[in-house]
Each structure stands twice: as C-alpha cells, then as structure tokens.
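Below is one structure, written out as structure tokens; the observations come after it.
The values are calculated or read from the model by the stated rules, or taken from the named source; none is laboratory data. From a predicted model like this one, the values you see are computed outputs, not experimental measurements. Quick reminder, even Gly has a Cβ in these numbers, built from the backbone with ideal geometry, and neighbours come from all protein chains shown.
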Amino acid sequence: MKTRVGFISIVGVLLAAPFQAAVCDGVSPVEASTLVSVVVENGLTGRPLLVTAPPGDKNRIFIVEQDGFIWVKQRGSALGVRSLYLDVSGLITTAGNEQGLLGMDFASDFDTSGEFYVSYTRPGGSGITNLVTYKQDPDNPNQANPVPVASFFSLVQPQSNHNGGNIQTGSDGFLYFGLGDGGGGNDSGAGHATCGNGQDNTTLLGKLIRIDPTGGSPNAPDCGLGSYTIPDGNPLADGPGGNCDEIWATGLRNPWRWTFDPANNDLYIGDVGQECWEEINYVPGTSTGGENYGWRVMEGPNCFNPTNAFNCNPTGVLCSGSPNCNDPGLTLPVLAVQQAGANCAMTGGYVYRGCRITNLQGHYFWGDFCAGNVSSFLISGGVPTAQTDWSASVDPTGTLLFGLTSFGRDGEGEIYIVDRTPGSILKLVPPLSDFEVSGQGVFNSDAFRLSADANWTWEDLEFNSMHPIAYYSVYQGSPNGVFDCIHSTTSTDWVGDAAIPGPGGLFAYLVTAINASAVETSGGAGRTLNPVCAAP
C-alpha cells in the first residue's frame, strides 16, 4: 500500500517548480491570455498620482496624492480602509494644476534606515521644487515622522507647469530626478534660455539629474541649492560654473513619469509633448548618461519650430549653441505617438518584473492621460515589439479617459493604475480563469503545503491577486487525468484528505478558487474537474 508520504511525493512531482526569489514564494505563475483590472482602493479625494512600495514589501502599497497626502494601504484590507502615512499639505502649493506633492521613493537602505524621499512644490514665486528626506516611525511602520530629516534640494521654477517631479533611487544608491523645462509653452519666454532650457546645460530645467541626497559624495552642489552633493561619474561635470554637474541627461520637456527596469537598469522616460507628439525615450542600462533627447530642437521624431508649434513637421530652426535638427548625436524616441485624436499627455509607466505573469516579463506599460489607454511593448534589439493595447479589457467602461494620472508598482513588481477621476487604484491582473491556485511554483513554499502531520494550505489568491474570492475547492485525481471534488471551504487551509490509494495507486490533488459569479480558476492543462465543487 502506498504510504501517505509516498503519494505526497507524487503531488510534489506534479506541482514543484524551479527556484524563485523569496519575494515570489507562494505566488503561482500565470501565462495571461489577456489583462483585466481589479479595484484595490477607492474614495481618494486628494488627486492620487502614484502607487509605490519598498522592494520586497508584500503587505503594503503607498498611495501618493498631489494635495499632499501619502496613505498606506494594507494588502487584504477592505476598500476605503487605509492609514495616513504622511501629511505635507501645509507645506506645499497647489496653485498651479501641475504643482503639489509629485513623487516619492525609498532610500536604498530603507529596510534599516526607514528613510524615504518626496518631491513637492512649495510656495514662492511661481513655485519652488523641493526634495525632502523623511523617516518612518520606528515604532509604527505605517506612519512617518512628520519632522523631516533634511530638505536637501531646491530649485526656483519660472512658471507653474512642467514641474516633472518623479524621483527614483538607482541601483547605484543615488537619487535620479526628472525636471521639466520650466513651463509656459514651447520652452520659450521669461525664465527660458535663448535656445530653450532643454538644450541649455547651465540650468537643471529640462533635465534628468543624479545627486546624492545624503551629502556623502565629494562634489558640492553646482546649479541647485541644498545639502545634497554630486557623485562622481556624471557625464557633463566640469566643476563649478559651466555645465550643471548634476545633469545625467538633457533635452526633456516634461518627464512626468520615467523608470529604470529593475532587472537590467534600462531607462524608460515618458515625456509629455507640446502640440504634436507624445514620446517614450529608451536607453539600455549600460549607458553612462549624457543622452540628449532633443527638446526643443525636436518634438518626438520631427523637427520643432517654437514659433509655429502646430506645424508637426517643420523645417529645423537653427539656434546658436544647440544641436541642429536631426543631429545624429540626439537620442530620438523609441516610440512616438501623434496627438491626433485623444492623445495629449504621455503617462510613462513601468517594466513588468512581477511574480505572476510569465509571458509579460520585460514588457513596458504606458498610457496617455487624456486617451486613457493602457498599452505595452517589449524592447527587442533596441526597438519596441509586441505592441499591445489592453484598454478594452482593462477599462471597458472608459473611466480612465482624462484620468490616467500614473502607473504604479508594488513590492512584488506587480503593476497598478492610478485613476484620478473617481479616485481609484486599479491592479493589472490576468482574468481569474487564467489562474492556477496550485500551479507551478507554489508547492515548495509555505503557501502550499500538503503534509502528513499538519493542515494542508494553499495560496490566498484574494490577498495576492486582489481578485475577490468566494471559496476554494480541493480535487483528488490522477496526474493529468480526471479530478473529483472532495472538499470546499472559504478558508485557505484544510485538515487534509484521509484517503490512501490502494496498492500501486497514486493520488494527486489540486486546488481552485471560485468567485461570487461562479468563475473558477483553471485546474491546469490536460485535467478535467468532475464534478465542479459546490459552495460550502
């Protein structure tokens, strides 16, 4: 007679998978046929614009609102249940539509230091861009100390728009910050250089900069004010005066959302266009910086004339001290989208490096604030391939029109959408029918355990995916054959099956999840579920 240990080992063969990083333990991978969205939070009235989390944090997401609030949302909590992490509403100005609390990221040593960074616009003239370090309360991880550690960077803005605001800690531990061209229109007028700020290396406006917020690098600030320092290796550094030593890349108009691919440091920049083109810029992670993305010599892939901005393919305008149009030294966008139709403001996103969806690894997600589209592509050979528009399945009712403020990423690398109009946060997930609760990759983790001396457990799919689940079903059968229902439960564990197969026999088991609409997760290819389990 087969012993219990014997048939459990058969289940192990059926369900075991190669090693995965610890952050993905207990998450069954899925090859998604399409994508849908599930609402993970709503009722946000402070103009939400970002979702983020410390890498590896499986239990929380941080929601940033432009009006000055950062909220912590516990995974698995009900809609509308969140706690206030930090309130800077009394420190910022929102006089301009593009001003306010605009960015947040975590120090590379956040796990031990608790320090994180925010970017916001404070009052003064047309607004002053500020970067500030705060620290998490050591006695309450869901609350920050409201007293800042340091206000380490500031820059006066000539106009109230094009503040940029996105910040990200690089793999080198330094802080990268995207700044718009100073606002107004056409990168011209008061506060703008003769050839535009994007092409003027004596200003930080229209640039991506790289600085050390701790002040531990050897080089003093050059063009900004504050306690930050400048690390070695910035591509245009020439000492005090001349080029701004903080600069990493130039030629940007309003890099509202940009990101590094955590797998290889590839850089993707979503840059909002003027009247004709929205663009995504890309450089591989091997770059040492110094790229010039073209604004205002170029808009998208074409020349730009600041005195005739509605001409989408003008003759290039010569301006002493800046490159000519189509200069081979410029880095042109990897994807340019015309503003014809609904497009009006590029919303850059993230590269998918999550635990769940195997066939979308490395795909970059992006959209447009006005069009509300959710799209993706995969860089291959330096060009975008596998271009896909997910909008119909992700947003079937069109609520993202004029509301897609930003994308987000959690500690597992899964991707979110910020829908400002109703004040909602959405998570991109496969449809429930594509999931396998007991699929490959979960058997050797604590989240899926079939043991002779302890309860059986399986993935809490509602907690991990945020798909609402009504109950779970356990099936018994033969590998890749017919499986019969033996148990249903609303829990994610069970005492286990007491049955033992006869001599020479084998038992295999799988678990499914069912929602309130009777949609059931997959039992896996080649397996028949007979009969389907009834609700407990």
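Tabulated values for the structure
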| read-out | value |
| --- | --- |
| Flag if Thr288 is assigned to a loop (DSSP other than H, G, I, E, B) and either outside the structural domain of Gln361 (by TED's automatic domain parsing) or hydroxyl-bearing (Ser, Thr, Tyr) (or both) | yes |
| Out of Thr169, Thr194, sole residue that is under 24 Å from Ile63 (Cβ atoms) and either surrounded by fewer than 21 Cβ atoms within 10 Å (Cβ to Cβ) or not assigned by TED's automatic domain parsing to the domain that holds Leu225 (or both) | Thr169 |
| Failed item in (1) under 13 Å from Tyr472 (Cα atoms); (2) part of a loop (DSSP other than H, G, I, E, B), with Ile500 passing the rest | (1) |
| Any hit, the stretch 381-392, residues being assigned to a loop (DSSP other than H, G, I, E, B) and buried (at least 23 other Cβ atoms within 10 Å of the Cβ) | no |
| Thr133 vs. criteria in contact with a strand residue (DSSP E or B) (Cβ under 8 Å, 6 or more places away or on another chain) and of a type in the set (Ser, Thr, Tyr) | yes |
| Gly354 being touching a Gly at 6+ places or on another chain (Cβ under 8 Å), under 19 Å from Leu335 (Cβ atoms), outside any strand (DSSP E or B) and not charged (D, E, K, R) | no |
| Residues satisfying the stated conditions in the stretch 463-479, i.e. without any contact (Cβ under 8 Å) to a residue 40 or more places away in the chain and within 25 Å of Lys58 (Cα to Cα) | none |
| Top-ranked residue of the stretch 422-469 - restricted to ones that are at pLDDT 85 or above and among the hydroxyl-bearing types (Ser, Thr, Tyr), ranked as farthest from Val72 (Cα to Cα) | Ser433 |
| Residues located in the stretch 142-162, provided they are buried (at least 19 other Cβ atoms within 10 Å of the Cβ), in a loop (DSSP other than H, G, I, E, B) and touching a strand residue (DSSP E or B) at 6+ places or on another chain (Cβ under 9 Å) | Gln157, Ser160 |
| Residue that is nearest to the chain's Cα centre (by Cα), among those in the stretch 158-184 that are among the polar types (S, T, N, Q) and more than 24 Å from Gly96 (Cβ to Cβ) | Thr169 |
| Residue among Gly251, Gly285, Gly233, Gly242 that alone is in contact (Cβ under 8 Å) with a residue 24 or more places away in the chain and in contact with a strand residue (DSSP E or B) (Cβ under 6 Å, 6 or more places away or on another chain) | Gly251 |
| Neighbours by Cβ (under 8 Å, 6+ apart or cross-chain): first from the stretch 516-531, in a strand (DSSP E or B); second charged (D, E, K, R) | Leu529/Glu520 |
| Scope the stretch 55-80; condition out of contact with any Lys or Arg (no Cβ under 8 Å at 6 or more places or on another chain) and either outside any strand (DSSP E or B) or assigned by TED's automatic domain parsing to the domain that holds Glu462 (or both); matching residues | Pro55, Gly56, Asp57, Gly68, Gly76, Ser77, Ala78, Leu79, Gly80 |
| Given (1) touching a residue at least 40 places away in the same chain (Cβ under 8 Å); (2) over 21 Å from Glu246 (Cα atoms), number of the condition Asn324 does not satisfy | (1) |
| Qualifying residue in the stretch 108-118 (condition: within 29 Å of Phe369 (Cα to Cα), surrounded by fewer than 21 Cβ atoms within 10 Å (Cβ to Cβ) and in contact (Cβ under 8 Å) with a residue 40 or more places away in the chain) | no |
| Scan of the stretch 335-352 for residues that are in contact (Cβ under 8 Å) with a residue 60 or more places away in the chain and of a type outside the set (Phe, Trp, Tyr), ordered by number | Val337, Gln338, Gln339, Asn343, Cys344, Ala345, Met346, Thr347, Gly348, Gly349, Val351 |
